[in-house]
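Single-structure report; data block below.
Just so you know, all these numbers are worked out from the coordinates, no wet-lab data involved. Since the model is a prediction, treat every value here as computed from it, not as a measurement. Please note: Cβ atoms are built from the backbone with ideal geometry, for glycine as well, and neighbour counts cover all protein chains shown.
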Amino acid sequence: MKLSRKARSGIAGYLFLTPWLLGLLAFTAIPMIASLYFSFTDYDMLTDPVWSGINNYKALFADPKFRSSLVVTFKFVFISVPLQLAFALFIAVILKQDRRGAKIYRAIYYLPSLFGGSVAVAILWKELFNKEGVFNQILGVFGIEGINWIATPSTALNTLIVLAVWQFGASMVIFLSSLKQIPQDYYEAATIDGASKPKQFFSITLPLLTPMVFFNVVMQIINAFQSFTSAYIVSGGTGGPMDSTLFYSLYLYTKGFRQFSMGYASAMAWILLLIIGVVTALLFASAKKWVYYD
Amino acid sequence: MKKKILASALCLVMMASLASCGGDKDADTSNKSGDASTGDVSIRWSWWGDTKRHELYNSIADKFEEKNPGIKVEREPNSWNDYWDKLSVQVAGGNAPDMMGMHVQYSSDYAGRGALLDLQPFVDDGTIDVSKVEQSVLDTGKMDGVFCMVPMAVTTASLITNKTLLDEYGIEYPAYNEDWTWDEFAAAGKKFKDATNGEIWFSNDWATGSTNNIRYWARIKGEEAFTPEGDIAWSEGTVAEWLTMWKELRDEGIIPDAATSNEDGTLALEQKIFTTRKCAMHNVPANQLYLYQEQMPDDEIILLRQPIGNDGSQGAIIEGAHWSISPKSSHQKEAAMLINFWTNDEDAVNIYKMDQGVPINNELASKITADLSESDTKCIEFVQSYMEVASAYTPAPIGASEIDTEVKNFGQAVGFGEMTPEQAAKDLTAKAKEITEKNKK
């Protein structure tokens, strides 16, 4: 059979897509459908799932740990994301100037993000904020006796927030590239009109950057809601001390894989999807008010 | 042309990365499942441990293959945490290892859900020989009356103790085969704290430890942790007393503050406060003695018994991990042969020696005592004498790992001063009852 040139290139296209499509089906689509089903069952992974209707969802709303893990996660998201973005923008503005060696600095500031959510960096964090850690040794120079930051309930979450803020590189690179696209004439005109540097920043730079701020906020919030690795490693998988770092996804993982409540964990996963969906929708709705496209 | 080459190259890379996802990186041998042409059978053996243990168990598997031509053993060594995360998924996916390690913290969760094979038929047909094993030891492998686990070895809880430190500050302590009461323990702690000006802690904090600690204390009080029917058997008052006792020790500076204890729980052996000489005693299973002694060559490390009640009542239990077989295994017989090899083969026992405690085959256990290291000799003497007063316990019901999490959490709540011992005891007991009820239906 002879196929037309067009049909052949179409098939070739799908063939090239196949690895990705298979991945989507096997690792995303099918598991998601399965988890939706499991969320309505009593499923311990070792015996067959038993249909239980909305029992899991009912149990969730009566579970104090579900609530406390939500509180921890919301705190983490709404403190770490704004801080991280503000920091990323600050560094991006500084690095924008084409000084000598600027490229090297950009690379250096991006480095922490390369480590990403890696295990190694979480272990490093643990060592930094120990009782005997580097941070306390620096405090010691000033005669302050530090506490055990990661093992004290009131400060453990803060160390994880600092860790998240430190990994600002990805947002910084995006800010940096869009900063460079702002036409220089705006600033020249503003300077002639006598606008100060801060005034220029808030009246020219920031409004023109809002599409990128919006993009970064959405991406980082979605990421932050799903944070897992840092809390898992730093707390030794427990979310401790006293559940102060029990992120939503860590609790979900514990329920599913440690306590054999996969049905419950699946219900949790769908609630998280819902929460992220609602938060993202709210952001999009608010975008009209503060995002400017020129 | 250039584009085409690039595209095919990318495609290849993607395929390669996909293919590597499926590979089992932990498998030590290249043998996959049975080779039909030669009649070879391949079984999978999974365990938890550290590098040292992986070396030992690999050579045991080698020996087994050597003596049983036609059976290949695929090894799946894991760390403790990874082991349980992986096992639950493997069992759920229907590809559980043929022979797998079980621990009291999880065994009820598996046995109660039918994930462990009844091994009695293999005992009856002689595949697993238990004639040299004490009945009380075998009984620890029974869940709900079904013999589904063979003990790896027998061990007991202990206080590994830095003798050098205690002697340096003139503290008295009993011999390895003698008991001491809680009052004597606390008094020694007070004296040690004064002698060291509070620079070194006397003991680690047991109140933020596992359910086993509450079980031990409940037994001293004439109770148990769980009933055979799977209910909570400890009383609120008993737990309150336990938490109060440890709160007093903490407030006096005899044991570390809660933050330090919390951190210590997540540290590797070589970083623990005991290993770094900031604490003189640490409550762990006796078989771990050699691991600590290796880390601390300048100190003499000994084993002491857990204190008894002031009225002389014992709380000690027979502990130890177990081997079990998956009911889904298609080579149950071969897996049973490997368990038998572990238990009764002299070469095997000579390789693992005291790694899990005293070997359960009495004859072989007395044979290996001849060429043991100093710390292994101490351990075997300690466990054998402690075994005379220790007894079997009622295993936990389904939900044990969840209860364990709560025990730690409420212990910490008292430690951090967020709750009074009475309140924590009340809430913990209620929570534990809720968990057992939930899992009964």
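Translational D (Stokes-Einstein, µm²/s) of the stretch B:227-316 at 4 °C and 1.567 mPa s when Rh comes from the Kirkwood sum over C-alpha pairs? Kindly include the intermediate steps, with their values, before the conclusion.
Details: Rh = 15.7 Å.
Estimated diffusion coefficient is 82 µm²/s.
Please tell me which of these pairs span more than 26 angstrom C-alpha to C-alpha: A:58/A:289; B:72/B:142; B:221/B:272; A:96/A:197? Before the final figure, lay out each step's value.
Values: A:58/A:289 37 Å; B:72/B:142 29 Å; B:221/B:272 31 Å; A:96/A:197 14 Å.
Long pairs (Cα-Cα over 26 Å): A:58/A:289; B:72/B:142; B:221/B:272.
With contacts defined as alpha carbon pairs under 8 Å and 6 or more residues apart, what's the relative contact order of chain B in percent?
Values: 716 pairs, mean separation 111.3, N = 441.
It comes to 25 percent, rounded to a whole number.
Only helices at least 27 Å long along their own axis, judged from Cα atoms, and with Kyte-Doolittle mean hydropathy of 1.0 or greater: name those in chain B from DSSP H. Walk me through the numbers before you get to the answer.
Values: long enough: B:2-22 (31 Å, 1.21).
Span-like helices in chain B: B:2-22.
So how strong a dipole does the protein assembly as shown carry about its Cα centre when Lys and Arg Cβ are +1 and Asp and Glu Cβ are -1, to the nearest 20 debye? Present the calculation step by step, with values, prior to reporting the outcome.
Working: 63 positive and 84 negative charges, 1093 e Å.
For this selection, approximately 5240 debye.
Normalising by the residue count of the stretch A:63-290, find the relative contact order in percent from Cα pairs under 8 Å and 6+ residues apart. All intermediate terms of the calculation are to be shown ahead of the outcome.
Details: 225 pairs, mean separation 64.9, N = 228.
Computed over the stretch A:63-290, the figure is 28 percent.
For a protection proxy built on the mean count of beta-carbon atoms within 10 angstrom, sort B:80-93, B:319-332 highest first, please. Write out the running numbers ahead of the final one.
Numbers: B:80-93: 17.5, B:319-332: 21.0.
Going from most to least packed, we get B:319-332, B:80-93.
Less than 20 Å from a label point 7 Å out along the Cα-to-Cβ axis of residue A:215: which backbone N atoms in the stretch A:61-93 qualify, by residue?
A:81-93
Sorted from largest down, what three extents in whole angstroms do the Cα atoms of the stretch B:351-441 have along their principal axes?
Principal-axis extents of the stretch B:351-441 (Cα, largest first): 52, 36, 25 Å.
What are the equivalent ellipsoid semi-axes of the protein assembly as shown, built from the alpha-carbon gyration tensor (square roots of five times its eigenvalues), in whole angstrom, biggest first? Before the final figure, lay out each step's value.
Working: eigenvalues 497, 256, 128 Å².
Semi-axes (√(5λ), whole Å): 50, 36, 25.
Using the structure shown, select from B:163/B:433; B:86/B:408; B:190/B:426; B:278/B:378 the pairs with a Cα to Cα distance greater than 32 angstrom. It would help to have the intermediate numbers written out before the result.
On the way: B:163/B:433 41 Å; B:86/B:408 23 Å; B:190/B:426 29 Å; B:278/B:378 23 Å.
Over 32 Å apart, Cα to Cα: B:163/B:433.
With a point put 7 Å past each Cα toward its Cβ, work out how far residue B:142 is from residue B:313 in nm, to one decimal.
2.4 nm
Give me the one-decimal nm value for the distance between modelled label points at residue A:166 and residue B:427, 7 Å along each residue's Cα-to-Cβ direction.
3.2 nm
What is the ratio of the Cα radius of gyration of the stretch A:23-182 to 2.2 N^0.38 Å, where N is its residue count, to two decimals? Walk me through the intermediate numbers first.
Values: Rg = 21.9 Å, N = 160, 2.2 N^0.38 = 15.1 Å.
The value comes to 1.45.
To make sure I understand, if each residue's beta carbon is the centre and we count other beta carbons within 10 Å, what order do B:428, B:291 fall in, fewest to most? Show your work: numbers first, answer last.
Details: B:428 26, B:291 19.
Exposure proxy ranking, most exposed first: B:291, B:428.
For chain A, what value does the Rg/Rh ratio take when both radii are computed over Cα atoms and Rh is the Kirkwood radius, given to two decimals? Intermediate results must be reported in sequence, preceding the final value.
Numbers: Rg = 23.8 Å, Rh = 22.5 Å.
Taking Rg over the Kirkwood Rh, I get 1.06.
For the stretch B:100-191, give the magnitude of the charge dipole about the Cα centre (Cβ charges: +1 Lys/Arg, -1 Asp/Glu; no others), in debye to the nearest 20. Please list the in-between numbers first.
On the way: 6 positive and 15 negative charges, 56 e Å.
Charge dipole of the stretch B:100-191: 260 debye, to the nearest 20.
Would you calculate the volume per residue, in Å³, of the smallest convex hull containing every Cα atom of the stretch B:286-441?
That works out to 191 Å³ per residue.
Counting other Cβ atoms within 10 Å of each Cβ, which trypsin sites (Lys or Arg not before Pro) in the stretch A:70-148 have at most 15 and sit in a DSSP loop? Walk me through the numbers before you get to the answer.
Values: sites: A:75, A:96, A:99, A:100, A:103, A:106, A:126, A:131; in loops: A:99, A:100, A:131.
Passing sites in the stretch A:70-148 are A:99, A:100.
What does a probe at residue A:141 reach in the stretch A:106-129, counting residues whose amide N is under 17 Å from the point 7 Å along Cα→Cβ?
A:128-129
Nearest-5 percent of antiparallel DSSP beta bridges in the protein assembly as shown? List each step's numbers first, then the result.
Values: 23 of 37 bridges.
Bridges in the protein assembly as shown are about 60 percent antiparallel.
Under the Kirkwood approximation applied to all pairs of distinct alpha-carbon atoms, what is the hydrodynamic radius of the stretch B:48-169 in Å? Let's see the in-between values first.
Numbers: mean 1/r = 0.0585 Å⁻¹.
The Cα-based Kirkwood calculation yields 17.1 Å.
Against the 2.2 N^0.38 Å scaling, with N counting residues, where does chain B land? I'd like the Cα-based Rg ratio to two decimal places. All intermediate terms of the calculation are to be shown ahead of the outcome.
Numbers: Rg = 23.8 Å, N = 441, 2.2 N^0.38 = 22.2 Å.
Here the answer is 1.07, to two decimals.
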